Amino acid sequence: MEKEIRKEEPRLMKGNEALAEAAIRADIDAYFGYPITPQSEVIEYLMREVPNRKDKKIVVLQAESEVASINMVYGAAGAGARVMTSSSSPGISLMQEGISYIASAQLPCLIVNVVRGGPGLGTIQPSQGDYFQATKGGGHGDYHLIVLAPASVQEMADFVFDAFHLAEKYRNPAMILADGALGQMMEKVVLPPDGGLSKQPKPWATTGKTKDRNHNIITSLFIQPEEMEKVNLELQKKYEAMQSEVRWEEFQTDDAEILLVAFGLSARICQKVVDLGREKGIKIGLLRPITLYPFPYKRIDELADKVEFILDVEMNAGQMVEDVRLAVEGKVPVYFKGRMGGMIATPEEILQEIEAIHEKQNVLHD
Amino acid sequence: MNEKLLLDDGTELEQVFCRPDTLTDVPYHYCPGCGHSVVHNVLMEVVDELDIQDKTIGVAPVGCSVFAYHYMNIDMQEAAHGRACAVATGIKRVLPDKLVFTYQGDGDLAAIGTAETIHTVNRGENILIVFINNGIYGMTGGQMAPTTLPGMVTSTSPYGRDIHMSGYPLKITELAAQLPGAYYVTRQSVHNPNAVRKLKKAVTKAFEYQMQNKGTCFIEVVSNCPSGWKMTPVETIKYLEEVMFPYYPLGDVKVPKE
Ligand SMILES: Cc1ncc(C[n+]2csc(CCOP(=O)(O)OP(=O)(O)O)c2C)c(N)n1
Ligand code: SF4
Ligand SMILES: [Mg+2]
């Protein structure tokens, strides 16, 4: 979307609250959710704020579970509403059947995952361990979400607008994949303009059958294999078209000899690594995928031609690195540095890793 | 209605009954003698008579009636198994002026969807829940349902439902009636023309209550499943009268205090 000039004063806000405020300003019709740390501030903020906004008509409902939330989202989205939910990892796992239905029925909506460390109940500390789940489908069947990965409180707010814009453009569920740190930390943010996201008509929605049209049906059931294949082909075509929405950001890649690839919070840390490295004379660059689906395969492939090696940094056991390796197809070595379970690598730790790899590479080349 | 029909021999007949516009011209896929089709007819006749086709939105979850949208000529949403009440909540909350109903089997409403059912009624969601209790999982080939009667043979209770292993049949309708959000709760059937007429009255009342924002209306229909029960349709009626109704007594369970 075009970046508009923002006139508002910057505010100091928590990531979760900035996201919730952006949702109000994006004129959501409904939010359904169930509390879970580290994202409960989203529903808390909405419950507190929405009654004060007399100009808005927003449904905010605390559901009995994430299973119920996501199916409320399905119902409201099918009825034509701009609707969202938010949760954290275990809750998002519970939603997977519903998300698969929403993808199949081609309903636009926003699902926010403020990721915490797993597996299992895990920890409430930040993690990027849900990358696979978010980008490869997550639930059953062949489908994809549009996945946006913010790296700041500013983007926690902005991506609400971008996610709804894309979800409605493609009639596809979109996900904001954040993490516990982005949800909890406070930063300066200039909020997106109130009412700045227009609404298009949804003639397919179940709003009551009038005499001038056939009845509208929202379904994910296509029992004849021929029909089911047709729907799948249609979905695949849509995912192909969605590739044009790929977004990423680069730092000092022009003369880089070593490329870091990282998303979200890890990318913030890697920016520091680039600076630290360059102070020492190591030419490091960074590519940050902003959309995780679609993924910037092509750009990473182009950069691979110019660098000695790639280091992928994540807060997990190595998930996005598989996509980076796919992009590079063995052209240059792709290394991985990760911390897990809520731990975050420090810039120094990552730089040490780069230096160690650099040395090893030189020995190999000698 | 009241159109003249001209026969080949020139006789003029007055048409007194026809398929309402709320039913599509598609033959039911249900097994012969199955109660689902009768309940579909009743619902759509009421929607037609109350002239609320443009306001009514139905939700049909997984179960034999998942294809209800093929027959009901109204806007409809299919739902995941057990989630009809959540989907209906989502619709009703964003379209509070529309009339929303769910059409759920016993497996759907009283097993996998119990939490959604109870909480939806407890919130007093202003919707109609139609609950088809045929004591079995029809769609998946006749397995035991939460409502299967003790001793009843199904494919997963081949020696009869053993209450020591599987507990007692769940009277979820009585449970729902306990909740303050439930406005009108009734148990009906479609095993004879009189019962069908009563059901139609109940459905009409429920839609009228919804128009008045009274809260949740809950109509159980004790129905049959000739295929799952491995009986002829006539035998199922006998079984209903002799075995099902004594456990699931027909009549109102909660009526509005007016
Ligand atoms: C999550 C999930 N689990 C299981 C199923 C399989 N399934 C489909 S319908 C059904 C039971 C249907 O029984 P009921 O709700 O009583 O409806 P009926 O067919 O008897 O009308 C089951 C177990 C499913 N579709 N989804
Ligand atoms: S299986 Fe049972 S419930 Fe399903 S259509 Fe046949 S008779 Fe009806
Ligand atoms: Mg059943």
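Nothing in this text is a laboratory measurement; each read-out follows from the coordinates by a stated rule. Predicted, not measured: the structure shown is a model, and the values here were computed from it. Please note: Cβ atoms are built from the backbone with ideal geometry, for glycine as well, and neighbour counts cover all protein chains shown.
Going down the table (B:205/B:254; B:198/B:238; A:57/A:211), which pairs top 25 Å between alpha carbons? Flagged as over cut-off: A:57/A:211. Beta bridges assigned by DSSP with both partners in the stretch A:250-365 are antiparallel in approximately 15 percent of cases. Here the stretch A:11-244 is treated as a sphere whose radius is the Kirkwood value from Cα pairs; by Stokes-Einstein at 4 °C and 1.567 mPa s it diffuses with a coefficient of 73 µm²/s. Across the stretch B:189-233, Cα-Cα pairs farther apart than 12 Å form 67% of the total. Starting from the Cα gyration tensor of the stretch B:1-134, take the square roots of the eigenvalues, sort them a ≥ b ≥ c, and report rounded, prolate or oblate (rounded when a/c is under 1.5, otherwise prolate if a/b is larger than b/c, else oblate). Cα axes put the stretch B:1-134 in the prolate bin.
According to the Cα-based calculation, Rg over Rh for chain B is 0.99, with Rh computed by the Kirkwood formula. State whether the protein assembly as shown is rounded, prolate or oblate according to the following rule on the C-alpha gyration tensor (a ≥ b ≥ c being the square roots of its eigenvalues): a/c under 1.5 gives rounded; otherwise a/b larger than b/c gives prolate, and the remaining case gives oblate. Prolate, since a/c reaches 1.5 and a/b exceeds b/c. The magnitude of the dipole of the stretch A:54-150, with charges of +1 and -1 set on the Cβ of Lys/Arg and Asp/Glu and taken from the Cα centre, is near 340 debye. For the protein assembly as shown, the share of DSSP beta bridges that are antiparallel, to the nearest 5, is 25%. Helix A:153-170 and the longest principal axis of the Cα set of chain A meet at an angle near 60°.
A Gaussian network model of chain B, with springs between Cα atoms under 10 Å, assigns the largest mean-square fluctuation among B:199, B:170, B:128 to B:170. Remark: for residue pairs A:136/A:298; A:209/B:201; A:331/A:360; B:4/B:98; B:55/B:257, the C-alpha separation exceeds 29 Å in B:4/B:98. Here's how it looks for residue A:253: its modeled amide H is under 5 Å from those of A:286, which are all 5 or more places away or on a different chain.
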